[in-house]
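*Asks:* For reference, the structure I am asking about is given below.
The values are calculated or read from the model by the stated rules, or taken from the named source; none is laboratory data. Because the structure is a prediction, the values reported are computed rather than measured. With ideal geometry, Cβ positions are generated from the backbone for all residues, glycine too; neighbour counts draw on all protein chains shown. Accessible surface areas use protein heavy atoms only, side chains included; no ligands, DNA or RNA. Shrake-Rupley method; radii C 1.70, N 1.55, O 1.52, S 1.80 Å.
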2 protein chains.
Amino acid sequence: MMMLKTHSCGTLTKAEVGQTVTLNGWVQRRRDLGGVLFIDLRDRTGIMQIVFNPDFSGDALAIADRARNEYVLAIRGEVVERDSETVNKNLATGEIEIRVTEIEIMNAAKTPPFPIEDGVEVDESIRLKYRYLDLRRPEMQKTLLLRSKAAKIFRDFLDGEGFIDIETPILTKSTPEGARDYLVPSRVHPGEFFALPQSPQIFKQLLMVSGLERYYQIARCFRDEDLRADRQPEFTQVDIETSFLSQDQLLELLEQLVAKLLRETVGVELQLPFQRITYADAMNKYGSDKPDLRFGMEMEDITDIVSSCDVKVFASVAASGGVVKALNAKGCASWSRKELDDLQPFAARYGGKGLAWVTVKEGEWRGPIVKFFKPEEIAALTDRLGVEEGDLLLFSADKKKVVADVLGNLRLRIGKQLGLIDESKFKFEWVVDFPLLGYDEEAKRYVAEHHPFTRPNEADIPLFDTDPGQIRAQAYDLVLNGYEVGGGSMRIYQRDVQELMFKALGFSTEEAHEKFGFLLDAFDYGTPPHGGFAFGFDRLVMLLTGRTNLRETIAFPKTASATDLLCDAPSEVDITQLQQLHIRTLPKAVKQTEAAAVGSTPQANE
Amino acid sequence: MMMLKTHSCGTLTKAEVGQTVTLNGWVQRRRDLGGVLFIDLRDRTGIMQIVFNPDFSGDALAIADRARNEYVLAIRGEVVERDSETVNKNLATGEIEIRVTEIEIMNAAKTPPFPIEDGVEVDESIRLKYRYLDLRRPEMQKTLLLRSKAAKIFRDFLDGEGFIDIETPILTKSTPEGARDYLVPSRVHPGEFFALPQSPQIFKQLLMVSGLERYYQIARCFRDEDLRADRQPEFTQVDIETSFLSQDQLLELLEQLVAKLLRETVGVELQLPFQRITYADAMNKYGSDKPDLRFGMEMEDITDIVSSCDVKVFASVAASGGVVKALNAKGCASWSRKELDDLQPFAARYGGKGLAWVTVKEGEWRGPIVKFFKPEEIAALTDRLGVEEGDLLLFSADKKKVVADVLGNLRLRIGKQLGLIDESKFKFEWVVDFPLLGYDEEAKRYVAEHHPFTRPNEADIPLFDTDPGQIRAQAYDLVLNGYEVGGGSMRIYQRDVQELMFKALGFSTEEAHEKFGFLLDAFDYGTPPHGGFAFGFDRLVMLLTGRTNLRETIAFPKTASATDLLCDAPSEVDITQLQQLHIRTLPKAVKQTEAAAVGSTPQANE
């Protein structure tokens, strides 16, 4: 008969002193002090010191002596207070210990390839291969516990607000626009494929057509993209759609949700409403559509001031439709020449051709370009940039987008360097009024910035005829500390507006139906005004737990090359399996030949 | 500015009389009574009668007159009591109506292909193609609402009991045993494939190795099997695993969970603990491992009584190791000869060669075989079968399995026919002590009945050496009204037991490692005793809502040929997509040739 736990290691307190308890757990470490054996026994809740002493442990001592690190033990004994000199203030349970009278070694363990403790220094590929051991480490368990708790908070809130949890298909149809799909060959229908969903977008809009009114799902999504540190081929989003709400009503609801999430996970009380910043302002002031607003240091447009100055590059950029902007790095006038020089390659990384600088020391402007400024230009810059003694001014002149990238990233770098960022802070903001359309220079047409069903701002609808690029969308992102943690939009529900949109995108009615057939059909049968949102759940958990990598927030993640090192996936499969699916893999030679052929006739099989 | 709802149609009551409210919804029907327009407005919560009258509606009447069925309306008006003669007792909101003063037609609608109402008689393929309209029907919305609520109840309970919601991968590795996998070709790793999980089995066991102790997930699973009415290629299970619990403790916990589920969804208070019946008893008494225990009518083994009787087939079956069993269909002696004859093809469908019968009328046994019984055999049968006036006795003689199938299905048929089944009842039972191993006649070896990590009953371990087929497993199914709604097992965690199991299955250590490599590796590092369970969520929802088809419980299901009629999936894809995935589809001719070749050398590509 197994000895099964009556209590958990980490939750016992002095209140249980005198009780006989049974614990199950893993050996964290063992010490033999003059014939008395101390074992730190670990379970999900924490660590308990258990003591084997010839005086009270009998045979259990000899059995315990066989236990090594990570052995699974069942022990029974009395909870006692420790002597005052052996109290361990670092341990939640440090005031008590168990005097063991019975023991069962439930299982032995090989020596793990890395120690089961926080902050372990080991190659990540080893951690991923032995993920089942990596997940024993307290920081990993804490992260997964918080993730589970966060999911529960989302669900409780949304359920309370009348949102219905509805599962949408994983085996679905390849979408015509968007990222690369993962495909699944059909056995029953030779030559045909399912696709894994990049998001439940179409289904959630259909559910609004169905009158379900409020939908949510913590949904797995799939994108076969080239991975970066913060991408995973499969990821999780908290997916939301609602009918009969305005954008403001929806954002307010989401703020309440986020406030509850922060309160109940990290104990932070957020101030509501969140700051709202337009896309235009975000780009102009911070050079980013997801600005980190934990600190200021806004960039200033000085094109008007320098448009006729003698700094040739400034004047010529201004003349050719570009912009000149400046950052004031407060108190950085003391930076060395080397530090200033190091900024040049940094700017180049973001497409900048150079970065001009001015230091303000002993009341004087210094630097290579100062001599080209007229006194009234210096006066105007001093005023606009709030220049004071000790400041470092940094100038970028280029196309608008390049200047935004260069100074936006410079702002973040300097902000970090100067310690302007309060790392304990959770600063949320809404970025609103995203552009509806972007111009694709290659395709020579407008493309949807969000998706083709995003609703334009009512007031901007006349711009479809005159300047589509200026139309603002009812689209919004939620940004936390400079990371996009969610985004959404109100959707077009009126046929005439949808037609304006398709026209702007250059789709004929036929093309639109080819691409979005059944969704457009559905819209004909009484579509309510609706809109939605999706939280990037993995990233949100990452930020709440202070991790810097999405892989730390996922129980069984994939590497940057989309590999599961634990179970060795993907892998080769039996050829009979492929036969049943009516496919075969391309031999290398064939692959190249066919690839070349396909390059010239991409639609060959249609 | 849109008029957005302040209230919902179905939840307004007399308490709101006198208030001005705004409603949004769909036109369920309209009636024009002498210039006064009545519209039933429908939303998720129900229906509200709204009234347009020249006396108080002004321009709204003319606008409303354009509205047709399924138009989306926003209306504003005062809640008033109806005249006593117009109160509609069939409607929850039948005592009130809205006097409309403002209206906005939010959207028009084409005439739907079938009426938006319950019990609609329309081909299911039309319903699936227009699923977004089908889901407007109240019975579909009620089902999805209950499904969402059921999921929430599962989560609340499990969360309260310390279970952690952990997501496991959808892109994972093809498993060596079990059903057919869905495969996903890898773009990054040419010639390699992910597989969609048939269940999170391996991951949940790994999480126990990780010491997470209590895991759950409402998990999507995938099986590429030939579909039946109650199968879907993707389905949902409530997946549970726990460490340091005994089977009894786990079943007790699950009973509490199910009791809460029934209480909060259908308002039924279940009696705990659930009846437990061993697999052997279930098969012997009901001919099924998922007996419907809402009624009795057990079959009785009468082999001993008839082994030397003059009914030749009984005696010869008994002599050759088969069994003879009987059902007593109470009060069915009056069945016509035709009714009795109709039972023969029914028995044949389950492999039976025939079905003998006896009726008991006016104190006399009648039927073709009666004359072959000796008086003492009739006496013994009367006693064993509790024979009374008016009974119909039905006999099957064959191999044990055939008799079980024939009489088990006959029992269900007659139980239904006689109205012995209380359709309002929710009768749960545990079927326990499943066999650990079954003998595969084709492969000439034992195979795992549940899976190769299922823990044998402690007491049966010596049988590995003597009679492995007799070993009982710590495996259990939960049965509701004759449907399996869940199953699970305690897992092997001891290396010596695992080795006995592999030996019984005929796997060498090397073969076992080839098949289950990383899981066996994991088991070496300190595995706790653990076990788990999975509820078939779709089927459970089906039974709770009284539906007879899994498709009715899934928002966007697939047909029996694994097709999504709404979005037309699977479908052909662009050849460039296949190129990127390093695969191509087989042309028909090639397919046959290669298939033939593969038939002779199935391992050719390994």
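*Asks:* Can you give the FRET efficiency to the nearest 0.05 for residue A:413 and residue B:161, using r as the Cβ-Cβ distance and R₀ = 56 Å? Show your work: numbers first, answer last.
*Replies:* Values: r = 48 Å, r/R0 = 0.86.
So, using R0 = 56 Å, E works out to roughly 0.70.
*Asks:* I need the per residue convex hull volume for the stretch B:107-174, using only the alpha carbons, in cubic angstrom as a whole number.
*Replies:* Values: hull volume 12.7 nm³, N = 68.
Roughly 187 Å³ of hull volume per residue.
*Asks:* Oh, and also: Charges at C-beta only: +1 for Lys and Arg, -1 for Asp and Glu. How large is the resulting dipole of the stretch A:14-107 about its Cα centre, in Debye rounded to 20?
*Replies:* 340 debye
*Asks:* When the accessible area of the stretch B:14-107 is computed with all protein chains present and a 1.4 Å probe, what percentage of it is carbon and sulfur?
*Replies:* Working: 1810 of 4310 Å².
Roughly 42 percent of what the probe reaches on the stretch B:14-107 is carbon or sulfur.
*Asks:* Looking only at other chains, what is the average number of their beta-carbon atoms within 10 angstrom of each beta-carbon in B:209-220?
*Replies:* On the way: counts 8, 12, 14, 10, 8, 1, 3, 1, 2, 3, 1, 6.
Per-residue shielding by partner chains comes out at 6.
*Asks:* How well do other chains shield peptide B:518-525, expressed as the mean number of their Cβ atoms within 10 Å of each residue Cβ? Kindly include the intermediate steps, with their values, before the conclusion.
*Replies:* Values: counts 9, 3, 0, 5, 5, 3, 6, 16.
Mean partner-chain Cβ count within 10 Å for B:518-525: 6.
*Asks:* Over the stretch B:295-418, with a single point scatterer placed on each C-alpha, what log10 of the ratio I(q)/I(0) does the Debye formula yield at q = 0.09 1/Å?
*Replies:* -0.21
*Asks:* Kindly work out what percent of the DSSP beta bridges joining two residues of chain B are antiparallel, to the nearest 5. Could you put the intermediate results ahead of the total?
*Replies:* Values: 90 of 98 bridges.
That works out to approximately 90 percent antiparallel.
*Asks:* Hey, what's the protein assembly as shown come to in accessible area per residue, 1.4 Å probe, Å²?
*Replies:* Here the residues of the protein assembly as shown average 41 Å² of exposed surface.
*Asks:* Let me ask you something else. Need the full-extension length gain, residue A:576 to residue A:66, defined as separation in residues times 0.36 nm minus the C-alpha distance. One decimal, nm. Before the final figure, lay out each step's value.
*Replies:* Numbers: separation 510, 0.36 × 510 = 183.60 nm, distance 4.89 nm.
Residue separation times 0.36 nm, minus the Cα-Cα distance, leaves 178.7 nm.
*Asks:* I've got another one for you. Return the ratio Rg/(2.2 N^0.38 Å) for the protein assembly as shown, where Rg is computed over Cα atoms only. Intermediate values should be presented prior to the final figure.
*Replies:* Working: Rg = 35.7 Å, N = 1212, 2.2 N^0.38 = 32.7 Å.
Here the Cα radius of gyration is 1.09 times the empirical estimate.
*Asks:* Select from A:114, A:200, A:380 the residue farthest towards the positive end of the dipole of chain A; place +1 on Cβ of Lys and Arg, -1 on Cβ of Asp and Glu, and compute about the Cα centre.
*Replies:* So the residue we want is A:114.
*Asks:* Right, something else. Identify, among B:77, B:144, B:209, the residue whose Cα sits farthest towards the positive end of the charge dipole of the protein assembly as shown, taking +1 on the Cβ of Lys and Arg and -1 on the Cβ of Asp and Glu, with the dipole about the Cα centre.
*Replies:* So the residue furthest toward the plus end is B:209.
*Asks:* Then there is this: Mind giving me the FRET efficiency for residue A:559 and residue A:458? R0 is 56 Å, r the Cβ-Cβ distance, nearest 0.05 is fine. Before the final figure, lay out each step's value.
*Replies:* Numbers: r = 46 Å, r/R0 = 0.83.
Step by step, r from the Cβ atoms, then E = 0.75.
*Asks:* Determine which residues of the stretch B:25-46 fall in the zone a paramagnetic label at residue B:4 would reach in this model, i.e. backbone nitrogen under 15 Å from the point 7 Å along Cα→Cβ.
*Replies:* Taking a point 7 Å out along Cα→Cβ of residue B:4, the residues of the stretch B:25-46 whose backbone N falls under 15 Å are B:25.
*Asks:* Related question: Calculate the mean, over all residues of peptide A:125-135, of how many other protein chain Cβ atoms lie within 10 angstrom of the residue's Cβ. Let's see the in-between values first.
*Replies:* On the way: counts 0, 0, 0, 0, 2, 4, 7, 17, 7, 1, 7.
Mean inter-chain Cβ contacts per residue within 10 Å come to 4.
*Asks:* HN-Hα J couplings of the stretch B:406-423 from phi, Karplus 6.51/-1.76/1.60, θ = phi - 60°, integer Hz, Gly and Pro as x?
*Replies:* Result, rounded to whole Hz: 5, 6, x, 6, 5, 4, 5, 5, 6, x, 5, 4, 8, x, 6, 9, 7, 5.
*Asks:* Ok, one more. Below 11 angstrom from the Cβ of residue A:233, what's the summed charge of the other residues (Lys, Arg +1; Asp, Glu -1)? Mind showing how you got there, number by number?
*Replies:* Numbers: positive: A:180, A:220, A:223, A:231, A:558, B:187; negative: A:224, A:225, A:226, A:234, A:564.
Charge balance near residue A:233 sits at +1.
*Asks:* With charges only on Cβ, +1 for K and R and -1 for D and E, what is the dipole size of the stretch A:384-491 about its Cα centre, in debye, rounded to 20? Show your work: numbers first, answer last.
*Replies:* Values: 14 positive and 19 negative charges, 31 e Å.
Around 140 debye, computed over the stretch A:384-491.
*Asks:* What is the interface area between chains A and B, defined as buried accessible area summed over both chains with a 1.4 Å probe, reported in Å² to the nearest 100? Spell out each step's value before the answer.
*Replies:* Numbers: alone 31120 and 31120 Å², together 50160 Å².
Buried: approximately 12100 Å² between B and A.
*Asks:* Can you count the Lys pairs in the stretch B:295-418 with C-alpha separation below 17 Å, eight or more apart or on different chains?
*Replies:* Value for the stretch B:295-418: 15.
*Asks:* Each label point is 7 Å from the Cα along the Cα-to-Cβ direction; what then is the distance between the points at residue A:380 and residue B:510, in nm?
*Replies:* Those two pseudo-labels are separated by 8.4 nm.
*Asks:* Go through B:83-91, B:36-44, B:303-311 and give me the packing order, highest mean Cβ count within 10 Å leading. All intermediate terms of the calculation are to be shown ahead of the outcome.
*Replies:* Values: B:83-91: 9.8, B:36-44: 21.7, B:303-311: 17.2.
Ranking the peptides B:83-91, B:36-44, B:303-311 by packing returns B:36-44, B:303-311, B:83-91.
*Asks:* Same structure again: Listed highest first by mean packing, meaning other Cβ atoms within 10 Å per residue, what order do A:553-566, B:413-426 come in?
*Replies:* The peptides rank, most packed first, as A:553-566, B:413-426.
*Asks:* Follow-up. In nm to one decimal, list the spacings between the residue A:320 label point and its equivalents in the other copies, with label points set 7 Å along Cα to Cβ, shortest first.
*Replies:* Those separations, rounded to one decimal, come out as 9.7 nm.
*Asks:* Summing +1 for each Lys or Arg and -1 for each Asp or Glu, what net charge is found among the other residues whose Cβ lies under 15 Å from the Cβ of residue A:510? The partial results should precede the final answer.
*Replies:* Working: positive: A:503, A:515; negative: A:499, A:511, A:514, A:521.
Net local charge, residue A:510 excluded: -2.
*Asks:* Right, another one. What number comes out for the charge environment of residue B:532, summing +1 per Lys or Arg and -1 per Asp or Glu over other residues with Cβ under 9 Å away?
*Replies:* Numbers: positive: B:204, B:491; negative: B:239, B:241.
Result for the local shell: 0.
*Asks:* Under a straight-distance cross-link criterion of Cα-Cα below 24 Å, which lysines are reachable from residue B:204, leaving out those fewer than 8 residues away in the same chain?
*Replies:* A:5, A:110, A:129, A:142, A:149, A:152, A:558, B:152, B:173, B:515
*Asks:* Oh, and also: Given a Förster distance of 56 Å, report the FRET efficiency between residue B:422 and residue A:280 from their Cβ-Cβ distance, rounded to the nearest 0.05.
*Replies:* Numbers: r = 67 Å, r/R0 = 1.20.
Once the sixth-power term is evaluated, E becomes 0.25.
*Asks:* Answer rounded, prolate or oblate for the stretch A:403-552, using the Cα gyration tensor with square roots of eigenvalues a ≥ b ≥ c: rounded when a/c is under 1.5, else prolate when a/b is larger than b/c, else oblate.
*Replies:* Values: a/c = 2.57, a/b = 1.84, b/c = 1.40.
Prolate is the answer for the stretch A:403-552, as a/c is 1.5 or above and a/b outweighs b/c.
*Asks:* Over what distance in Å are the Cα centres of the stretch A:74-142 and the stretch B:200-236 separated?
*Replies:* 30 Å
*Asks:* Between the stretch A:169-199 and the stretch B:488-536, what is the C-alpha centre distance in whole Å?
*Replies:* If you average the Cα positions of each part, the centres end up 34 Å apart.
*Asks:* Any idea how far the Cα center of the stretch A:326-375 sits from the one of the stretch B:266-287, in Å?
*Replies:* 81 Å
*Asks:* Which order do the peptides A:364-377, A:482-495, B:1-14 come out in when sorted by mean C-beta neighbours inside 10 angstrom, highest first?
*Replies:* With the highest mean Cβ count within 10 Å placed first, the list reads A:482-495, B:1-14, A:364-377.
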